[in-house]
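The values are calculated or read from the model by the stated rules, or taken from the named source; none is laboratory data. Quick caveat: nothing in here was measured; it's all calculated off a predicted structure. Cβ coordinates were reconstructed from backbone atoms using ideal geometry, including for glycine residues, and neighbour counts include every protein chain displayed. These area figures cover heavy atoms from the full protein model, side chains too; ligands, DNA and RNA do not enter into them. Shrake-Rupley method; radii C 1.70, N 1.55, O 1.52, S 1.80 Å.
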Amino acid sequence: PSAPVPCLQNDSWGKQYSHALFKAMSHMLCIGYGQQAPEGMTDVWLTMLSMIVGATCYAMFIGHATALIQSLDSSRRQYQEKYKQVEQYMSFHKLPGDTRQRIHEYYEHRYQGKMFDEENILGELSEPLKEEIINFNCRNLVANMPLFANADPNFVTAMLTKLRFEVFQPGDFIIREGTVGKKMYFIQHGVVSILTKGNKETKLSDGSYFGEICLLTRGRRTASVRADTYCRLYSLSVDNFNEVLEEYPMMRRAFETVAMDRLDRIGEE
């Protein structure tokens, strides 16, 4: 038997309205017929209409709530979706466990849980804004590097806009001796070892650069460079290197001075 309908005729307006609202909400949010089953055909059709409207509102609420939660940290969601593809790729190719772990650690250090389409974002900005952002992002590199600290600000900006961010793991060979050099590197953070034929190691850390000898001589690498720690580097291609130094010949001489000194030390070994 259905529950008795309370008599509200002599009650206050607040109590009448509260009961009516409760019954309407029980129809719409519980997606049912509420406390009392409909009796006549009019009640049946009104109840069905109420349930349809309630189901629609409920679905819209869930959809908007889900979209809101996802939009709160879209960059992290994008990273998670990307890494799921990476995991499926590793599983499909049946990569060994240690390789999978290195790939996982690379993604963690490279993206730090967030992924942006940085090239597209910067490409949509005006040149002044793009240069301002790049100078801000590379401020630690500029502050730690004597080459940039005393250079023409226009040269620094021209150089920074052409750099590409890269991450290397401990033990990675960033440069191998005897290969054709197409890049030089600036160390934002980390330690690398320059390995020469005499098995002598030279350490370079934050604020240093390497690989410029090949770009100046257009020859092959004269030494190998290995990452000793996780290294956050900025690379500069040979074409961009020559393009910038054509406009700033004094800076080419600065690179040549360091390169000659390194070549002399390699020759002594």
Selection count where residues are among the charged types (D, E, K, R), in a helix (DSSP H, G or I) and more than 21 Å from TYR230 (Cα to Cα), scope segment 76-103 | 6
Does at least one position in segment 217-237 carry a residue that is open to solvent by 30 Å² or more (accessible area, probe 1.4 Å), in contact with a helix residue (DSSP H, G or I) (Cβ under 6 Å, 6 or more places away or on another chain) and in a helix (DSSP H, G or I)?
-> no
Give the residue that is most open to solvent (accessible area, probe 1.4 Å), with candidates limited to residues of segment 121-159 that are of a type in the set (Phe, Trp, Tyr) and closer than 15 Å to GLN188 by Cβ.
-> PHE136
When you look at GLU177, is it surrounded by 16 or more Cβ atoms within 10 Å (Cβ to Cβ), over 23 Å from the mean Cα position of the chain (by Cα), under 21 Å from MET260 (Cα atoms) and not aromatic (Phe, Trp, Tyr), yes or no?
-> no
Is one or more of the residues making up segment 187-204 assigned to a strand (DSSP E or B), at negative phi and of a type in the set (Ser, Thr, Tyr)?
-> yes
Go through segment 210-269 residue by residue and tally those that are under 28 Å from ARG110 (Cβ atoms), aliphatic (A, V, I, L, M) and touching a residue at least 60 places away in the same chain (Cβ under 8 Å).
-> 3
Please find, within segment 181-201, the residue that is farthest from the chain's Cα centre (by Cα) out of those that are open to solvent by less than 10 Å² (accessible area, probe 1.4 Å) and under 13 Å from ARG226 (Cα atoms).
-> SER193
Any residue in segment 53-75 that is under 18 Å from ARG110 (Cα atoms) and assigned to a helix (DSSP H, G or I)?
-> yes
Quick one: in segment 72-103, of everything that is within 29 Å of LYS162 (Cα to Cα) and more than 14 Å from the chain's Cα centre (by Cα), which residue is most open to solvent (accessible area, probe 1.4 Å)?
-> ARG102
Check on TYR106, in a helix (DSSP H, G or I), open to solvent by 60 Å² or more (accessible area, probe 1.4 Å) and closer than 23 Å to TYR185 by Cα | yes
With respect to LEU204, determine if the residue is open to solvent by less than 40 Å² (accessible area, probe 1.4 Å), under 30 Å from PRO153 (Cβ atoms) and free of Cβ contacts under 8 Å to residues at least 40 places away in the same chain.
-> yes
